[in-house]
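Beneath this line is the structure, given in structure tokens, with notes to follow.
Nothing in this text is a laboratory measurement; each read-out follows from the coordinates by a stated rule. Owing to the predicted nature of the structure, the values given are computational and were not obtained by experimental measurement. All Cβ positions, even for glycine, are placed from backbone atoms using ideal geometry, and neighbour counts span all protein chains on display.
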DNA sequence: ACGCTAGGTTTCCGACAGGAACCAACAGGT
DNA sequence: ACCTGTTGGTTCCTGTCGGAAACCTAGCGT
């Protein structure tokens, strides 16, 4: 009746679930989007992504790097220069990510409108 | 230079960013996936989604409801029965969500493999 | 000698996730 | 009449995490 197969990533620790939890994160989607058009520097991302802190950006990039989605290229220059780039595996995410961002662009206003419209007192419990 | 337009949802509080942050969340993606095939009861989702607690499920559903993506239908029966269903707006998310879950199914193993393979000491700073 | 730049880490504190226990409402058994 | 089971939800407590600001490293220009 459920319509789902038994391996449908509902199991808490299956690889698919872990993969989703890796990218279903407040900053990860935006960072991946920022990387989707080619190599970008740390500082560029800081300036590009409004509201992110260096700490969270580094943390997010490290996690993606550890999972093989992002490659970190540090040049031995002064001042230091570091570029981040999607790996081939990471590049397979561009499609899904862009679908999400396109959806957000198309429906962001509707979602915000609902916040003001919905509050009819519906009484969730008694 | 950047290749991004100025409205490219990098601004911290633009509707697109808020919409992404609404669904880019540990549980939200899995819950939306659980709803993607039709109305589901609260208890069904609890049994279906490994690892989620009643509290987090309720919280996630309420947030989606407030943003107009999910509709809550409570039947006045005993014991109580509550069904959750995607709204038309919520249904527009099925495509993006399924792309994500398909990606996760296809690449989950690769992502986990990278965790064991990568740890070459790369020296991120000095 | 000093400050600037660029990437990163450390410190501190408030907020939130998560689990367990509790609550409400009524049907049905005894 | 009383107790129990079912279902959905909330409350309480604690550990962890996010976020801002300060600090660190290393060379180059002046």
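Please state the shape class of the protein assembly as shown: rounded when a/c is under 1.5, otherwise prolate if a/b exceeds b/c and oblate if not, all from the C-alpha gyration tensor. Prolate. Going by Cα centres, region A:27-69 and region B:47-73 are how many Å apart? So the two Cα centres are separated by 29 Å.
Computed on the Cα atoms alone, the convex hull of region A:17-56 gives a volume of 73 cubic angstrom per residue.
When the convex hull of its Cα atoms is viewed from all sides, region B:15-117 shows a mean projected area of 7.8 nm².
Once the C-beta distance of residue B:106 and residue A:13 is scaled by a Förster radius of 22 Å, the resulting FRET efficiency is 0.75 to the nearest 0.05. Length gained on full extension, residue A:26 to residue A:82: 17.9 nm, using 0.36 nm per residue less the C-alpha separation.
Within 10 Å of the Cβ of each residue in A:89-98, the mean number of Cβ atoms contributed by other protein chains is 4. Using the average count of surrounding beta-carbon atoms within 10 Å as a protection proxy, the listed peptides A:80-87, B:102-109 rank, highest first, as B:102-109, A:80-87.
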